[in-house]
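See structure below.
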Amino acid sequence: MGSISGRILIGGTAALLMCLFLSPKFIELMRRNQFGQNIREEGPAGHQAKAGTPTLGGVIIVIAFSIPFLVLSRRDWPSVGVFGATIACALLGFADDYTKIVKRRSLGLRARTKLIVTIAISIGLWWIATQKAHRAASVELRFIDANLDLGAFYPVFIYLVVAGTTSAVNLTDGLDGLAAGCAAIVLLAYIGITFITTGQRDLAMLAACLVGACIGFLWFNSFPASIFMGDTGSLALGGAIAGLAIMTKTEVLLVLLGGIFVIEALSVLIQVFSFQAFRKRVFLMAPIHHHFELQAWSETKIILRFWIVAAACGAIGFVVYQLSIRG
């Protein structure tokens, strides 16, 4: 157990150090090629000062986590499934970022393209989870200690988990360090679930490498950010969290484990529904972190408080998981 935990710690540390050492050169490269972030005009006015900040930082996160994971893990099927989903989502995000920056198309890839690729990723995860990792086509309702067999509808459920998680992490990526910090906290909870509770070593290694990469990236992404992760990073992290949820049968529990992402996504859904139905806005601006910005909260205060909420959700989710296993 000691040597295994040591390897996991080495993996996370290696990912962190790689991020720290690779980022300065990458930031310089992005500046030299003028690969800067486009800021939406409808966003908070204060964000216009961030226009031109180097983006595509998700490339560094992916490289920094991939190398230690591939070197140190045994690459069993569950971890290969999550790794594949992470890389595929990162490539989708990279194509989206590239389209926005180089081709000057503000909305990035077409919605149909994103839908098709997300469906393909979900089918791949479903196949590995059920055929190779031997996960049941069912959902664990850990809050009430029940099990729901979805049968043929399980691939649809997996698509909803992948699409929902990637979108939620992407929506959260609106303030410096917010998405990276919250993702690191959720992934830390998954280290506990995969290693401490169930002994799934390779999944724990993958989660640890992602935590290390996120923390290393935060050195440059914290306020005021020197680089943004872009869709490359947010979709990769969302895909990784969704994959871990599927392989650990915590898809429903992810609503609690990733509570901060759920809050962000719900704020957008509530805002859109309220405006479409009643022509009224519930929040000053959505996602909800912009609402607090317009209430004159400083960016650092919002980020730190959201991290605290993320930590509380992750801790409670981990406790619920442990209780469900012991029960």
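Extents of the range 107-146, taken as max minus min of Cα coordinates on every principal axis and listed largest first, are 43, 26, 10 Å.
Here the simple spin-label model places points 7 Å from the Cα toward Cβ, and for Ser274 and Gln131 these points are separated by 4.6 nm. Full extension of the chain between Asp76 and Leu115 yields a length gain of 11.2 nm, computed as 0.36 nm times the residue separation minus the alpha carbon distance. Since only Phe94, Gly108, Leu72 are under comparison, the one whose Cα sits farthest along the positive direction of the charge dipole of the range 69-112, derived from C-beta charges on Lys, Arg, Asp and Glu, is Gly108. All C-alpha to C-alpha distances of the range 204-251, sorted into 5 Å bins beginning at zero, yield P(r) values of 5, 20, 23, 25, 14, 8, 4, 1 percent in whole numbers.
Result for the chain in a Gaussian network model with C-alpha springs under 10 Å: among Ala225, Ala296, Ala213, the largest mean-square fluctuation is at Ala296.
Normalised by 2.2 N^0.38 Å, where N is the number of residues, the alpha-carbon radius of gyration of the range 62-101 equals 1.36. Using only alpha carbons, the range 238-294 has a radius of gyration to Kirkwood radius ratio (Rg to Rh) of 1.13. Of the trypsin sites (Lys or Arg not before Pro) found in the range 255-308, those that fall in a DSSP loop while having at most 10 other beta-carbon atoms within 10 Å are Arg279, Lys280. Annotation for Leu294 and Val102: the two label points, set 7 Å from Cα along the Cα-Cβ direction, are 3.6 nm apart. Report the longest stretch of the chain that contains none of the GluC sites (Glu not before Pro) sitting in a DSSP loop with at most 11 other Cβ atoms within 10 Å. After excluding every exposed loop site, the longest remaining stretch is 43-327.
When the charge dipole of the chain is built from unit charges on Cβ atoms (+1 for Lys and Arg, -1 for Asp and Glu) and taken about the Cα centre, the candidate among Gly58, Cys313, Leu206 whose Cα reaches farthest toward its positive end is Gly58.
Qualifying trypsin sites (Lys or Arg not before Pro) in the range 84-167, where qualification requires a DSSP coil assignment and no more than 16 other C-beta atoms within 10 Å, comprise Lys103, Arg104, Arg105, Arg110.
The Cα atoms of the range 53-164 define a convex hull whose projected area, averaged across directions, is 9.2 nm². Within straight-line reach of Lys50, meaning a Cα separation under 25 Å, sit the following lysines at least 8 residues removed in sequence or on another chain: Lys25, Lys100, Lys103, Lys301. Cross-link partners of Lys132 among lysines, defined as those whose alpha carbon lies under 19 angstrom from its own and excluding same-chain residues fewer than eight positions apart: Lys249. From the coordinates of this entry, Rg and Dmax of the Cα atoms in Å is computed, and it appears in [x] 19.0, 59; [y] 18.1, 52; [z] 19.5, 67 under the label [x].
Values in this text are rule-based calculations from the coordinates and carry no lab data. A quick note: this is a predicted structure, and the numbers were derived from the prediction, not measured. Here the Cβ is made from the backbone with ideal geometry for all residues, glycine too, and neighbour counts use every protein chain on show.
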